[in-house]
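The values are calculated or read from the model by the stated rules, or taken from the named source; none is laboratory data. These numbers were taken from a predicted model, which means no experiment stands behind them. When we count neighbours, we look across all protein chains shown, and the Cβ atoms used for this are built from the backbone with ideal geometry, even at glycine. Heavy atoms of the whole protein, side chains included, go into the accessibility calculation; ligands, DNA and RNA do not. Shrake-Rupley method; radii C 1.70, N 1.55, O 1.52, S 1.80 Å.
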Amino acid sequence: MKGAFSRPVIPNWQDSSTTAECAAIEKAVGGADYLAQITGSKAHERFTGPQIMRWIKAHPDQFKDTSRISLVSSYLTTLLCLDGDIKGIDESDVCGMNLWTMNTPERGWNEEILKAIAGDDAERLGGMLGDVVRDGGRPVGTIGKWFVERW
């Protein structure tokens, strides 16, 4: 997919083009109800997991060239801090991705779902998603000097 300015089209939260991917993820874990037990939600078209699955199928070269996947919230936090660290996704946000195991005390990226989405690249996909911030009340950095000086 290319937009009017020859840039890749990036799906947004309103995108509903991943019905087939939702079905594939649900099937991979044993059904919609079991996926809901694992992640807290049945598969939703706008969630990050199905969107990544569709993107990998449509743009395998872009996937190979990608080193990190962020949500808008963690991306903006990274930009605002601009301290050299890529900020992790907050656990409250990660729960709406259809990728996060919520039904165990250990919680984490669900290997079975990552494998359904990325096949042999499942471990790499988990690394691309990065660490998850589990304590939403702690500071993750300070506002970047560039931002203070500009604004």
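Checked against (1) out of contact with any strand residue (DSSP E or B) (no Cβ under 8 Å at 6 or more places or on another chain); (2) within 18 Å of Val29 (Cα to Cα); (3) surrounded by 12 or more Cβ atoms within 10 Å (Cβ to Cβ), Ile86 meets all criteria but (2). Put simply, of Thr39, Thr66 the only residue that is at negative phi, open to solvent by less than 60 Å² (accessible area, probe 1.4 Å) and touching a strand residue (DSSP E or B) at 6+ places or on another chain (Cβ under 8 Å) is Thr39. For region 118-151, a residue qualifies if it is more than 19 Å from Ser74 (Cβ to Cβ) and either touching a residue at least 24 places away in the same chain (Cβ under 8 Å) or surrounded by fewer than 15 Cβ atoms within 10 Å (Cβ to Cβ) (or both), and the qualifying residues are Ala118, Gly119, Asp120, Asp121, Glu123, Lys145, Val148, Glu149, Arg150, Trp151.
Residues of region 89-110 that are open to solvent by less than 80 Å² (accessible area, probe 1.4 Å), acidic (Asp, Glu) and over 14 Å from the mean Cα position of the chain (by Cα): none at all.
Taking region 64-94 as the range and being charged (D, E, K, R) and either part of a helix (DSSP H, G or I) or touching an Asp or Glu at 6+ places or on another chain (Cβ under 7 Å) (or both) as the test, the residues that pass are Lys64, Asp65, Glu91, Asp93. Among the residues making up region 16-36, those that are over 21 Å from Leu71 (Cα atoms), part of a helix (DSSP H, G or I) and open to solvent by 50 Å² or more (accessible area, probe 1.4 Å) are Ala20, Ala23, Lys27, Asp33, Tyr34.
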